[in-house]
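Let me begin by presenting the structure, written as structure tokens, before commenting on it.
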Amino acid sequence: MPYARWLEQAHALVQGHLITDPNESAPFLIDWRKRYRGQALAVASPASTAEVATLVRHCVEHDVAVVPQGGNTGLVGGATPDDQTPSIVLSLRRMNRIRELDLHADTITVEAGCVLRAVQDAATQAGRLFPLSLAAEGSCTIGGNLSTNAGGTQVLRYGNARSQCLGLEVVTASGEVWDGLRALRKDNTGYDLRDLFIGAEGTLGVITAAVLTLQPRPAAQLTALAAVPSLSAAIELLALAKSQLGPALSAFEVMSAESLRVVQTQFPNERIAFDPLPAWTALLETSDAESEQHASERFEALLQLALQNNCVSDAAVAQSIAQSQAFWRLREQIPEGQAREGLNLKHDIALPIARIPDFAADAGAAINARLPGARLVVFGHLGDGNLHYNVAAPAGMPADHLIPLQAEIATLVHDRVSARGGSISAEHGIGQLKRAELTYRKSAVELQLMRAIKQALDPRGLMNPGKML
């Protein structure tokens, strides 16, 4: 084996935490959707930033690529090695310590392998809120969240992962350690290196730790479902919610009837408040700093106004924490329900909110002209303009028959997104799935700047090759 000696040395560098057995390595070499499968010389699990740095230097010395991996929950193949480049998977799973929690600064410093829910729980125990929240929070990691600039359900109030991060610790492509763990909200001392690594999908370096911001815990949180007849009505409801609730509006999700049908079919024990299913269901959450009574009064006033304006035909406000959790499960179980039903074509898009209804009508007509009977499973974060626009096979058609149509359907969707000033990736990233498409969706100037940054920070091209660029 040409890499036998290299593997022996790598084994020592990570104190024996190196997997080379094919059966043990297999889960690290395939993405969550099982669309991409790669190869690697080994899976390394360092326990410290120093070990990561030493291992990266060892890889650079021998022209071995590094593929950083967190919880491996991504949807675009961004953490899966390719099958052409000699590489290791660098799993951050053992780097899962909470290093510091500062209640005066309202910050928490954590290692990249910390599972998102563990950070949320630590914040809760300290009487604070870490508001980044998404369906995979029980298994995704902070390093992965930052590498993809994860969004989730509360972007409307708190922003993406980037907005919730003050500082980073990064192992560079040369194996040096940049200590940028500064818990400062103001620091204008040159280029913002932090923002280069956030959203870079591990192509510029390895995020090993981060300083994250914490928020006060709200005095009350209320959740409601509202039946709306159209996306235009949902946007009208969103405008009313913003005007009536202001910054207390922390989430505004929409789910199509087909999305809830998936949940109804795959999770029959879940109760859906409306029968029959409306064309669209909005899920609203308010986080109130005053009291539950204050929150309830404002919420009820909003929904009464919405009913009077005919943008809502029915509504249900959660009467308990358990009922609120049940409302959220309807939204969170859509991706798992889709996975159970079989392969589907996912499109994670962002649009100016006012242009969403026109896009949906145009894209739906184009897809059904190409694939009559296609089932459109559309849901997402309407409050920040992010839709998960997914296409499932028509009834009776085997799901895997969609694979040959993937590129064509993506073009139908993304052409209409681009024409309306939108983005082909709102929060999932580029990875392998959208790499080729990025080359003609971005302008020549943007691509030139991105490639210059990549060349400057990773001149050997060893950081997560085959992703993004």
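The values are calculated or read from the model by the stated rules, or taken from the named source; none is laboratory data. Source: prediction; values computed, not measured. We place every Cβ from the backbone using ideal geometry, glycine too, and count neighbours over all the protein chains shown.
I need the full set of residues from segment 153-186 which are buried (at least 23 other Cβ atoms within 10 Å of the Cβ) and among the small types (G, A, S), in order please.
Passing the criteria: A161, A173.
Yes or no, residue by residue, for (1) within 21 Å of the chain's Cα centre (by Cα); (2) surrounded by 22 or more Cβ atoms within 10 Å (Cβ to Cβ); (3) closer than 24 Å to D31 by Cα:
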{"position": "A410", "(1), (2), (3)": "yes, no, yes"}
{"position": "G429", "(1), (2), (3)": "yes, yes, yes"}
{"position": "A436", "(1), (2), (3)": "yes, no, yes"}
{"position": "L449", "(1), (2), (3)": "no, no, no"}
{"position": "I453", "(1), (2), (3)": "no, no, no"}
{"position": "P459", "(1), (2), (3)": "no, no, no"}
{"position": "G466", "(1), (2), (3)": "yes, yes, yes"}
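Run down L222, L181, L231, L212 and say which single residue is over 19 Å from the mean Cα position of the chain (by Cα), of a type outside the set (F, W, Y) and under 28 Å from G78 (Cβ atoms).
Among L222, L181, L231, L212, only L181 is over 19 Å from the mean Cα position of the chain (by Cα), of a type outside the set (F, W, Y) and under 28 Å from G78 (Cβ atoms).
Of all residues being assigned to a loop (DSSP other than H, G, I, E, B), in contact (Cβ under 8 Å) with a residue 60 or more places away in the chain and hydrophobic (A, V, I, L, M, F, W, C) in segment 104-131, which is surrounded by the most Cβ atoms within 10 Å (Cβ to Cβ)? Just the residue, please.
So the residue we want is A112.
Looking at segment 81-103, which of the residues that are among the polar types (S, T, N, Q) and at pLDDT below 95 is surrounded by the fewest Cβ atoms within 10 Å (Cβ to Cβ)?
Q84
Looking only at residues in segment 311-325 that are in a loop (DSSP other than H, G, I, E, B) and touching a residue at least 24 places away in the same chain (Cβ under 8 Å), which one is surrounded by the most Cβ atoms within 10 Å (Cβ to Cβ)?
Applying the filter and picking the extreme gives V312.
Only residues that are within 22 Å of the chain's Cα centre (by Cα) and more than 25 Å from R33 (Cβ to Cβ): list them for segment 334-355, please.
Selection gives P352, I353.
Determine which member of the set F252, F197, F267 is closer than 20 Å to A456 by Cα and of a type outside the set (V, I, T).
Every option except F197 fails the conditions.
Give the number of residues within segment 132-152 that are out of contact with any Pro (no Cβ under 9 Å at 6 or more places or on another chain), hydrophobic (A, V, I, L, M, F, W, C) and surrounded by fewer than 22 Cβ atoms within 10 Å (Cβ to Cβ).
1
Return yes or no: is T85 over 27 Å from L438 (Cα atoms) and either of a type in the set (S, T, Y) or in contact (Cβ under 8 Å) with a residue 40 or more places away in the chain (or both)?
no
Which of (1) surrounded by fewer than 22 Cβ atoms within 10 Å (Cβ to Cβ); (2) closer than 20 Å to L245 by Cα; (3) touching a residue at least 60 places away in the same chain (Cβ under 8 Å) does E297 not meet, given it meets every other one?
(3)
What's the number of the only condition in (1) surrounded by 13 or more Cβ atoms within 10 Å (Cβ to Cβ); (2) aliphatic (A, V, I, L, M); (3) modelled with pLDDT of 95 or more that L402 fails to meet?
L402 satisfies every listed condition except (3).
Tally up the residues in segment 410-469 that are part of a loop (DSSP other than H, G, I, E, B), over 20 Å from A363 (Cα atoms) and hydroxyl-bearing (S, T, Y), please.
Matching residues across segment 410-469 total 1.
With L55, L41 as the choices, which residue is surrounded by 15 or more Cβ atoms within 10 Å (Cβ to Cβ), in contact with a Phe, Trp or Tyr (Cβ under 7 Å, 6 or more places away or on another chain) and more than 25 Å from E137 (Cβ to Cβ)?
L41
For every residue, the table says whether it meets (1) free of Cβ contacts under 8 Å to residues at least 40 places away in the same chain; (2) more than 18 Å from K434 (Cβ to Cβ); (3) of a type in the set (A, V, I, L, M).
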| residue | (1), (2), (3) |
| --- | --- |
| F327 | no, yes, no |
| L330 | no, yes, yes |
| R340 | no, yes, no |
| A350 | no, no, yes |
| I353 | no, yes, yes |
| P357 | no, yes, no |
| G364 | yes, yes, no |
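Consider segment 15-65. How many of its residues are aromatic (F, W, Y) and assigned to a helix (DSSP H, G or I)?
Total meeting the criteria: 1.
Given the structure, is G151 part of a loop (DSSP other than H, G, I, E, B), over 30 Å from L55 (Cα atoms) and touching a strand residue (DSSP E or B) at 6+ places or on another chain (Cβ under 9 Å)?
Against the criterion (part of a loop (DSSP other than H, G, I, E, B), over 30 Å from L55 (Cα atoms) and touching a strand residue (DSSP E or B) at 6+ places or on another chain (Cβ under 9 Å)), G151 qualifies.
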